[in-house]
Amino acid sequence: MGSVKCPACGLVNFVTVDRCRRCGNEWVRSALIPAITAPVVDSTGRGRGFGRWVLWICGVTCIILISCHVSLLLSSDGLTADEQQTVMTAVAALDRAGFVRESMALQHVVSFRRTDNWWNRYVGHQTAYAATNFPFAVVTLYPTFFKYPVDDIERATILLHESFHLFGSGEEAALRRVWIEKRRLGWTSAGYSHTRVWKNTREWTAGSVPVLFHCGQDGQSDCLE
């Protein structure tokens with residue numbers, strides 16, 4: 001059945017009536033344009049509804065992320081004052097070497113911890129010097145980070161590796177980039193091939209990115225030396 005809209009008050013009436021059931025206004029049927037019988041979709045209203053839905057999703061996501069970040073901090077211990085000073089000295093070495101973006105992130109964005117949070121305990125990092133929880137910018141520095149590096153350059157090298165994780169790089173990509181960039185830090189075989197950090201990093205990098213060690217007469221030498 002069709003319908004018509006009252007020209008006086010706008011109420012939609014059945015097409016068979018000659019008088020508006022709201023205001024009583026009379027009309028001639030032939031002079032009226034039938035109203036659309038299908039439901040009218042308010043595009044503006046729908047847009048507002050979609051916007052509220054997006055905001056709701058974003059809000060819930062933010063709450064979840066913040067809750068996870070707080071839980072990582074609450075389930076671990078922060079650095080001591082001496083440890084914090086050691087870390088900042090290594091970050092300064094990164095900055096001097098030209099790794100400005102990485103040093104800025106480590107200095108102003110990262111929350112450094114000295115013990116494992118619940119996530120790290122679940123995943124496990126038995127042989128690591130440090131671990132990064134992406135995208136929460138929580139970096140755990142294990143006792144080996146402070147014990148085995150021989151100087152600030154080696155600690156800066158470890159932090160450089162973790163900074164690549166901060167920006168979303170996986171383990172293989174981080175190892176490759178550190179090995180390629182190590183000369184910028186002054187971390188070379190000439191001065192550090194005897195250290196534990198060098199030997200560990202070379203072993204891990206050779207296992208993950210063997211193409212970097214297919215040079216020399218033996219086919220197993222560092223291609224960047």
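The values are calculated or read from the model by the stated rules, or taken from the named source; none is laboratory data. Fair warning: this is a prediction, and the values are worked out from it, not measured in the lab. A quick note on method: Cβ atoms are made from the backbone with ideal geometry, for glycine too, and the neighbour counts reach across all protein chains shown.
One line per residue, one yes/no per condition, for (1) in the same structural domain as Pro135 (by TED's automatic domain parsing); (2) modelled with pLDDT of 70 or more; (3) touching a Phe, Trp or Tyr at 6+ places or on another chain (Cβ under 9 Å):
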site: Val12; (1), (2), (3): no, yes, no
site: Arg19; (1), (2), (3): no, yes, yes
site: Arg22; (1), (2), (3): no, yes, no
site: Leu32; (1), (2), (3): no, no, no
site: Leu55; (1), (2), (3): no, yes, no
site: Cys58; (1), (2), (3): no, yes, no
site: Leu65; (1), (2), (3): no, yes, yes
site: His69; (1), (2), (3): no, yes, yes
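The condition (being modelled with pLDDT under 80, touching a strand residue (DSSP E or B) at 6+ places or on another chain (Cβ under 7 Å) and either outside any helix (DSSP H, G or I) or not aliphatic (A, V, I, L, M) (or both)) is satisfied by just one residue among Val4, Val40: Val4. Residue count for the stretch 76-111, restricted to those that are closer than 14 Å to Thr140 by Cα and aromatic (Phe, Trp, Tyr): 0. Filtered by the rule that a residue be closer than 13 Å to Arg114 by Cα and in contact (Cβ under 8 Å) with a residue 24 or more places away in the chain, the stretch 75-99 gives Ser75, Ser76, Asp77, Gly78, Leu79, Thr80, Glu83, Gln84, Thr86, Val87. Counting only helices (runs of 4 or more DSSP H) that sit wholly inside the stretch 120-225, those with at least 3 residues that are modelled with pLDDT of 95 or more and within 23 Å of the chain's Cα centre (by Cα) are 152-166, 171-185. A search for C-beta distances below 7 Å between a residue of the stretch 137-164 that is within 27 Å of Val70 (Cβ to Cβ) and any residue that is in a helix (DSSP H, G or I) and hydroxyl-bearing (Ser, Thr, Tyr), counting only pairs 6+ apart in sequence or on different chains, returns Phe146/Thr86.
Scanning the stretch 141-148 turns up no residue that is of a type in the set (Val, Ile, Thr) and touching a helix residue (DSSP H, G or I) at 6+ places or on another chain (Cβ under 8 Å).
Select from the stretch 101-119 the residues that are of a type in the set (A, V, I, L, M) and in a helix (DSSP H, G or I) and list them in ascending order. Answer for the stretch 101-119, where residues must be of a type in the set (A, V, I, L, M) and in a helix (DSSP H, G or I): Met104, Ala105, Leu106.
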